[in-house]
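The values are calculated or read from the model by the stated rules, or taken from the named source; none is laboratory data. Only a predicted model underlies this, so the values are computations on that prediction, with no experimental measurement involved. Quick reminder, even Gly has a Cβ in these numbers, built from the backbone with ideal geometry, and neighbours come from all protein chains shown.
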Amino acid sequence: MSELDTDVGSTVRRVTIRDIAVATGVAPSTVSRALSLPDRVSPTTQQRIQRAARELGYVANSQARALTSGRTRAVAVLVSDITNPFYFDVIRGTQHQLAAAGWTQLLVDTEESAEAETAALSAIGAKADGVVLTASRLSDAQIARVAARLPLVVVNRRPEGVPSVLIDTPGGVEQAVQHLVSLGHRDVLYVAGPDSSWSNERRWRALVRVAKRLGARVARVGPHAPFVDSGAAAADAAVHAGATACIAFNDLIAIGMLARLRERGVRVPEDMSIVGCDDIFGADFCNPPLTTMTSPIERAGRVAIRMLLGRLGADPADDPSGEHASGAVALPTHLTVRESTGPAPA
């Protein structure tokens, strides 16, 4: 039920399903099905009921609808750090896709904590019909256990049997190494992110593989928390290692490195080249603008929602790409070359 703000003296008139039934000449149960389970009534009846609901000013009460339909029409989106600009686009993508389907987003910040993530997933319960889990800090086994009791799609993870959306940063790493080698760099330093990050190890393995093929040497420093403040220690480690080219786990660390290297009088890119990952908002505002791997972040959020709603049988979109199907979807990345990379110093 919902309120129709029509004053009758001092009384606020509430429009009910029964009002719509009287206006359309159908049973209240038919109105209820048309509003909560539209595929259960004929298109003609559904349109007539929807039109009457709009004219009367009816807006469904989500709690009442959840009780009758067994659905909240809400999806929980878990992010590991809401202050990280990477998640801005993920959240925008999930929000827009949910809004288009008439669903609500519940946003949870797990603060890079596996314990907080576990607690949030346990508490979601009846509050949401499904979950999108981004950059999870849980193990594959833990994610699989959650997926066994709750419809779930993961972003940037690939647990067996769980639908997933992968951003192909290993492909971006390959392009980055090729770019650096073409500039004369023969030693590439990887500035690692958190040990608990699945993407971190994935990028490192890709770096080792492509460097071997191209005849370059690689080394690794870290782990580092995925924040700008971690860039100072990362830059100091890079200088100590004598690196001429670095690939950072993400743009935040790379941006922090640029600031610290400037403080130390190390010129970028004349003395050291820096490559980031994700192409977050602000990467092109740095000094110098950051060369980075550009990822389709907002699209990843949209695809994850389509996959989840497809599992719930609730996605009305005609999606011939199959992105809403179960399994894994991989989204390509590409290297965006800016001014933080240049020829290797003599």
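If I filter the range 87-99 for residues that are under 24 Å from LEU309 (Cβ atoms), surrounded by 13 or more Cβ atoms within 10 Å (Cβ to Cβ) and modelled with pLDDT under 70, do I get at least one hit? Scanning the range 87-99 turns up no residue that is under 24 Å from LEU309 (Cβ atoms), surrounded by 13 or more Cβ atoms within 10 Å (Cβ to Cβ) and modelled with pLDDT under 70. Of the strands (runs of 3 or more DSSP E) lying entirely inside the range 157-232, those containing at least 1 residues that are touching a residue at least 40 places away in the same chain (Cβ under 8 Å) and surrounded by 18 or more Cβ atoms within 10 Å (Cβ to Cβ) are 164-167, 187-191. Of the candidates ARG260, ARG267, the single residue that is assigned to a helix (DSSP H, G or I) and of a type outside the set (Asp, Glu) is ARG260. Among the criteria (1) within 22 Å of ILE255 (Cα to Cα); (2) touching a Gly at 6+ places or on another chain (Cβ under 6 Å), the one PRO151 does not fulfil is (1).
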